[in-house]
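Below: the structure, in structure tokens.
The values are calculated or read from the model by the stated rules, or taken from the named source; none is laboratory data. Note that this is a predicted model, so its numbers are computed, not measured. Glycine also receives a Cβ, built like all others from the backbone with ideal geometry; neighbour counts cover every protein chain displayed. Heads up: the accessible areas ignore ligands, DNA and RNA and are worked out on the full protein's heavy atoms, side chains in. Shrake-Rupley method; radii C 1.70, N 1.55, O 1.52, S 1.80 Å.
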4 protein chains.
Amino acid sequence: MLRVAVAGASGYIGGELLRLLLGHPRVETVLATSNTFAGRRVDGPHPNLRGRTDLSFAAHDALEERAGSYDVLFLAMPHKQTMGRMARYLELAGTVIDLSGDFRLRDAEVFADYYETAHTAPGLLGSFTTGLPEWHRDELRSADRISVPGCMAAAGILTVRPLAGAGLIDGPVDIDARTGSSGSGVSAGSSNLHAERSGAMRLFAPTRHRHEAEIAQATGLPVRMTATGVEAVRGVQVLCRVRLAEGTREADVRSAYREAYADEPFVRVVAHKRGAYRLPEPKILAGSNFCDVGFAVDGARASLVGALDNLVKGGSGNAVQCLNVRFGWPEETGLEFTGLHPN
Amino acid sequence: MLRVAVAGASGYIGGELLRLLLGHPRVETVLATSNTFAGRRVDGPHPNLRGRTDLSFAAHDALEERAGSYDVLFLAMPHKQTMGRMARYLELAGTVIDLSGDFRLRDAEVFADYYETAHTAPGLLGSFTTGLPEWHRDELRSADRISVPGCMAAAGILTVRPLAGAGLIDGPVDIDARTGSSGSGVSAGSSNLHAERSGAMRLFAPTRHRHEAEIAQATGLPVRMTATGVEAVRGVQVLCRVRLAEGTREADVRSAYREAYADEPFVRVVAHKRGAYRLPEPKILAGSNFCDVGFAVDGARASLVGALDNLVKGGSGNAVQCLNVRFGWPEETGLEFTGLHPN
Amino acid sequence: MLRVAVAGASGYIGGELLRLLLGHPRVETVLATSNTFAGRRVDGPHPNLRGRTDLSFAAHDALEERAGSYDVLFLAMPHKQTMGRMARYLELAGTVIDLSGDFRLRDAEVFADYYETAHTAPGLLGSFTTGLPEWHRDELRSADRISVPGCMAAAGILTVRPLAGAGLIDGPVDIDARTGSSGSGVSAGSSNLHAERSGAMRLFAPTRHRHEAEIAQATGLPVRMTATGVEAVRGVQVLCRVRLAEGTREADVRSAYREAYADEPFVRVVAHKRGAYRLPEPKILAGSNFCDVGFAVDGARASLVGALDNLVKGGSGNAVQCLNVRFGWPEETGLEFTGLHPN
Amino acid sequence: MLRVAVAGASGYIGGELLRLLLGHPRVETVLATSNTFAGRRVDGPHPNLRGRTDLSFAAHDALEERAGSYDVLFLAMPHKQTMGRMARYLELAGTVIDLSGDFRLRDAEVFADYYETAHTAPGLLGSFTTGLPEWHRDELRSADRISVPGCMAAAGILTVRPLAGAGLIDGPVDIDARTGSSGSGVSAGSSNLHAERSGAMRLFAPTRHRHEAEIAQATGLPVRMTATGVEAVRGVQVLCRVRLAEGTREADVRSAYREAYADEPFVRVVAHKRGAYRLPEPKILAGSNFCDVGFAVDGARASLVGALDNLVKGGSGNAVQCLNVRFGWPEETGLEFTGLHPN
């Protein structure tokens, strides 16, 4: 059994990591840290884990104290809290999988621009592999420094990259990302009270959402991204509007997706003519590691659509998939849940 | 124009008071206090008031400083913050209308039992008139100390009292109250985040909810009350289960309601045989001052049902109705909104 | 009192028309038709009207039988059911206000393209005035044939036209419209069941939504529109992304909006720097006749945002505002409701 | 591999059966019937199954035509459609597991009373074993006729029976059941449109809900049950209010639950002092086969609370658990999913 530790395990992403790792047949979760909940059972903030574990949280310092007791370290802390200590984390475990935003961008200037602070470990930026198996599987097989994409970025990259790679997109990509409330995290303030968020269409990023830099980096195309919070707990959907390269037909678009994802266990191409679920819908993906991608073509324009569970394929599940790749296990291991309908 | 002040005006109840008072043709709102928002516009925390007022919040001390500039003082502060200063408030304005829980119960011991603290102004308890026009209209015409019932209590009293008064109930009343998330207020913690509250059926008071004491006081019957938070922003529904007195038939129940509320502008008797809205449903009452009451009889047992908007008939609207009674205006003044369907 | 009839009064738009007209001090609603509900009380399908009216539905033929008993005829039937009989309707009442899509587009070919059927009364198309007082007030003062814009179209036109008119937009307008479930109407099928629609992000028009033709017609710009159903009952929000004309600064955008809407009773310019409600949010507009418009500028790109209640400013309320203009009454008459927060 | 057929597989319960059976390592699903969807892929109405199966629906007659090709027959048709053909179904497969209401009650008169129709196969009523492993495990090991309890009944029986069996309840049990919208099924009418159901507190059974008869049958106590539809897609919660037998203390209640369920894989006793999830909450159970039970004692009165996913432990999951018992497999097989938080 591989021994894993999860730092920042009391948040929503941390909770999903615990759920997946506790159900993973090849992994033993030996440590979960949270300064807020130190000494308390993990099934307190994560009540869905009742009956599945007797684990309690340790304080964050336990990462040092128990160094050697774990082989892999998952980092699920808020943005900007990881980069300052990354050099030390890399000494603590053989493999580090970071779910924060700190090592997603390879260029320190772009980071500074989007995160509005200077990167404190710019020398490490280039050493991380992007934790998206669909596009980095070979590198991930031997990677010991993995940076998992942001939830909207994962959806955006998986949706845009097949066409970008095939040269089917002419010009910039306009993305509107819609997201459920869990994306704001467990410590969010009064604007995320149920009474304020219920039924909302909150354009919280009317221009230049942070994840646009990740998508631009991965696709090589200019990206202009807005983000809207809508009523759902889980789920991200990206609507990507593009001009198609001259001569591109619908069949070319379909082929590009099919070729890119024919053998992928967690990407489904969904582009039907009718029905409420004819295009990717996050509602039926909650808890699953799927990313559904689809499209609609109208002449020279196309709407490309991607959907996933922001906490799973947009975070924890994707991280576990990377772990599976890294250690040579079947990629579906521990990620078998299909999603629910209705839900 | 009557000049009014609202203390504690940045909360949800305070915001609804401002909405109603700003639209009231006989009232001028001269002062709204909030220590948190002092100096800022009232349409900041209450964005629905944009374009309707240029009023800004004053600090709470302005109640003293501007004494004499207002005739009526509405108190919309959290429970237990009002009683200690009530003696002073009564000197500041000719009429005081309190929306907190501090002066609803007439018995200091019962208060201590339910609020888990000793009352700090027990001598004033008996001097307040219950702010429920349907049952205290004559007293309210000359009352200068008015205590508005709690949201669930208002629903419970309006639902149970006609039968209790007619002697049609045998024994205790078992109430389950269901409530939307706005009842938790604007300063609630992480358990009221959208992600935690969405779709919940949260039995937050599995026994002895505080409002049971008010309903018992008003009906003279033993009351056993539970409370459940469900997904809705506004709305309270009480399901009251009783044994009917021997020989009571459905027609007697219907008559008791009809007699009690035939001339009431804000209570509707809703008891149809079929349809999604055959019994009181808070969903269609949001923003209105209605309390709908209804019933279903099965042999010797009956389910009595009441519904209202917790922030309106369960608080601010009811307070404005009391104001209308007190000053001899038509009771509907400023309370004409009907409610929406669908909503 | 002006006497009005509402045809197609049992749907959601019809219900809102009845709510507004029954509360309108200068109007008497003498007739409401519905073949499905003929003979039944209007407060059956519209339970929020209980206690406000004793009116019952008549069959649709009553429009003929009672010709002369009403001065104004509101038509709230589904699309494509109105055009065939419009010539006759125009004989029945002095003023006809149509809320269907049949007479919104002035060009029969464009209609055929977007509605996928030939127009059956093309000769009448040009005779209707667009029912949007903000841009057609003078014509509306004497108009007897009024066609009220679609809900998304109203939001889009009000949001885009000030900049389009000032020449501040360079090139096409990309719109994503998000809408609540009431937009699908009361007779929608299984895909609108709560279990299917709850929490959805349903891209039901991934390209070329019908209302794009109306916005293009009104602004003179190319429009590319998608539409997404999200969880809310009421509300439409349009996110319009444009390139600004060279040299346009944020202050120019702000000025264009302020100039266009400075004196408008029902359009508010909402563009703050922070806060959950810094941009237009339909959640706080339910039941009100407001359209909020706002914007965010990032270099040469801008996101323009509009929000309204699809059944009110996007339909019935707008129609009543047109009525007020047509008959020379204050425009706010019967439309005073402010909207709720929280909601 | 055991070969199974699912009749009535296009509904919500049928869809969940397919999800669970397709993921079950010891079962091969050879037939799924639906007259409405005959010839179409099962991932049409059940889009969450995309990529997991290529199965298509057969018409209902295929049960006859392919007799012999399956060992176990699950029946997931609407109530009253199963009893007339049950004699024939029993000839078609060695083991029949019925998820309808037709064979839950053992007494034909009680059935007629609650279902308002005479039972058409009264002679078979006594031959079915109740499909609730927690209370019928030994019988189920050899049962070939299994009737799975209703969703609210399962919750009610699991919640009440431990105390009833220990003699800790004095007198009747008053139950209010709250349920999500999926309980109304996929073919429900306009009252289950999203616009009508969103945010509702719909007291659809103000007295005598059908499932009360099942709970009374299983506990031997008088039961008085109401039912309320609230906003959630999945989930049932029962609030059961009882008088405790004289001398019963909180510790006795706790012991009764602990003893009853100490070794149960799918029942968790949840009764904490504080926290949003201190009592059973269906929100975190969606997709899982858990039934959480808890309680709060106040003197001689107690509130007993149970929660489950109406489509899983309240239907399909419970049926699969029965299958596991019947064929001697570990009970968790195919039912490992834990539930999500937040959700």
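In this structure, does D:G101 turn out to be exposed (fewer than 14 other Cβ atoms within 10 Å of the Cβ) and more than 14 Å from chain A (Cβ to nearest Cβ)? When the stated conditions are applied, D:G101 does not pass them.
Quick grid of which residues meet (1) of a type outside the set (S, T, N, Q); (2) over 16 Å from the mean Cα position of the chain (by Cα):
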residue: A:P133; (1), (2): yes, no
residue: A:R141; (1), (2): yes, yes
residue: A:I146; (1), (2): yes, no
residue: A:P149; (1), (2): yes, no
residue: A:I157; (1), (2): yes, no
residue: A:A164; (1), (2): yes, yes
residue: A:G183; (1), (2): yes, no
residue: A:L203; (1), (2): yes, yes
residue: A:T219; (1), (2): no, yes
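Only a single criterion out of (1) outside any helix (DSSP H, G or I); (2) within 12 Å of another protein chain (Cβ to nearest Cβ) is not satisfied by D:K283, namely (1). The one condition from (1) more than 9 Å from every other protein chain (Cβ to nearest Cβ); (2) of a type in the set (G, A, S); (3) closer than 25 Å to B:D174 by Cβ; (4) in contact with a Lys or Arg (Cβ under 9 Å, 6 or more places away or on another chain) that D:A232 does not meet is (1).
Out of all the residues in segment B:158-180, is one or more touching a residue at least 24 places away in the same chain (Cβ under 8 Å), β-branched (V, I, T) and not assigned by TED's automatic domain parsing to the domain that holds B:G299? Looking through segment B:158-180, none of the residues is touching a residue at least 24 places away in the same chain (Cβ under 8 Å), β-branched (V, I, T) and not assigned by TED's automatic domain parsing to the domain that holds B:G299. I'm checking my understanding of the structure. Among residues of segment A:110-128 that are part of a loop (DSSP other than H, G, I, E, B) and among the polar types (S, T, N, Q), which one is least open to solvent (accessible area, probe 1.4 Å)? Filtering first and then ranking leaves A:T117. Pairs meeting the criteria (first residue in segment D:22-51 and over 17 Å from D:V320 (Cβ atoms) and free of Cβ contacts under 8 Å to residues at least 12 places away in the same chain, second residue among the β-branched types (V, I, T) and open to solvent by less than 20 Å² (accessible area, probe 1.4 Å), beta carbons under 6 Å, at least 6 apart or on different chains) are D:P47/A:I284. Out of segment A:129-144, which residues are without any contact (Cβ under 8 Å) to a residue 24 or more places away in the chain, assigned to a helix (DSSP H, G or I) and open to solvent by less than 40 Å² (accessible area, probe 1.4 Å)? Passing the criteria: only A:H136. Listed by position, the helices (runs of 4 or more DSSP H) contained in segment A:151-228 that have at least 2 residues being within 13 Å of chain C (Cβ to nearest Cβ) are A:151-165, A:194-197.
Please state which one of D:G185, D:G199 is open to solvent by 10 Å² or more (accessible area, probe 1.4 Å) and in contact with an Asp or Glu (Cβ under 6 Å, 6 or more places away or on another chain).
Working: D:G185 fails: in contact with an Asp or Glu (Cβ under 6 Å, 6 or more places away or on another chain).
Only one candidate passes the filter, namely D:G199.
Kindly indicate whether any position in segment B:101-109 is assigned to a strand (DSSP E or B), touching a Lys or Arg at 6+ places or on another chain (Cβ under 8 Å), closer than 27 Å to B:L285 by Cα and of a type outside the set (F, W, Y).
Pass one, segment B:101-109, residues assigned to a strand (DSSP E or B): none.
Checked against the condition, which is being assigned to a strand (DSSP E or B), touching a Lys or Arg at 6+ places or on another chain (Cβ under 8 Å), closer than 27 Å to B:L285 by Cα and of a type outside the set (F, W, Y), segment B:101-109 yields no hits at all.
Check whether at least one residue in segment A:292-304 is facing another protein chain (nearest Cβ under 9 Å), aromatic (F, W, Y), crowded, with 19+ Cβ neighbours inside 10 Å and over 11 Å from A:T159 (Cβ atoms), and report yes or no. No; the residues of segment A:292-304 include none that is facing another protein chain (nearest Cβ under 9 Å), aromatic (F, W, Y), crowded, with 19+ Cβ neighbours inside 10 Å and over 11 Å from A:T159 (Cβ atoms). The residue pairs whose first member lies in segment D:261-274 and is at pLDDT below 95, whose second member is open to solvent by 20 Å² or more (accessible area, probe 1.4 Å) and in a loop (DSSP other than H, G, I, E, B), and whose beta carbons are closer than 6 Å, counting only pairs six or more residues apart or on different chains, are D:H272/D:R278.
Being at pLDDT 95 or above, over 28 Å from B:N289 (Cβ atoms) and hydrophobic (A, V, I, L, M, F, W, C) narrows it down to one of C:A7, C:A32, so name that one.
Numbers: C:A32 fails: over 28 Å from B:N289 (Cβ atoms).
One residue alone meets the criteria, C:A7.
Looking at this structure, is C:E65 closer than 30 Å to B:D263 by Cα and of a type in the set (D, E)? When the stated conditions are applied, C:E65 does not pass them. For segment B:21-53, the set of residues classified as closer than 23 Å to B:W329 by Cβ, within 11 Å of chain C (Cβ to nearest Cβ) and open to solvent by less than 10 Å² (accessible area, probe 1.4 Å) consists of B:L49 only.
Filtering segment A:77-98 to residues that are among the hydrophobic types (A, V, I, L, M, F, W, C), under 17 Å from the mean Cα position of the chain (by Cα) and buried (at least 22 other Cβ atoms within 10 Å of the Cβ) leaves A:V96, A:I97.
Regarding segment D:310-321, can at least one residue be identified that is within 9 Å of another protein chain (Cβ to nearest Cβ) and outside any loop (DSSP other than H, G, I, E, B)? No, the conditions are met nowhere in segment D:310-321. Restricting attention to segment D:10-32, does a residue exist that is hydrophobic (A, V, I, L, M, F, W, C) and more than 25 Å from the chain's Cα centre (by Cα)? No, that holds for no residue. What residue, among those in segment A:258-280 that are of a type in the set (A, V, I, L, M) and out of contact with any helix residue (DSSP H, G or I) (no Cβ under 9 Å at 6 or more places or on another chain), is farthest from the other protein chains (Cβ to nearest Cβ)? Result: A:A262. The set of residues from segment D:202-218 being open to solvent by 20 Å² or more (accessible area, probe 1.4 Å), at pLDDT 95 or above and farther than 13 Å from D:R178 by Cα comprises D:A216, D:Q217, D:A218.
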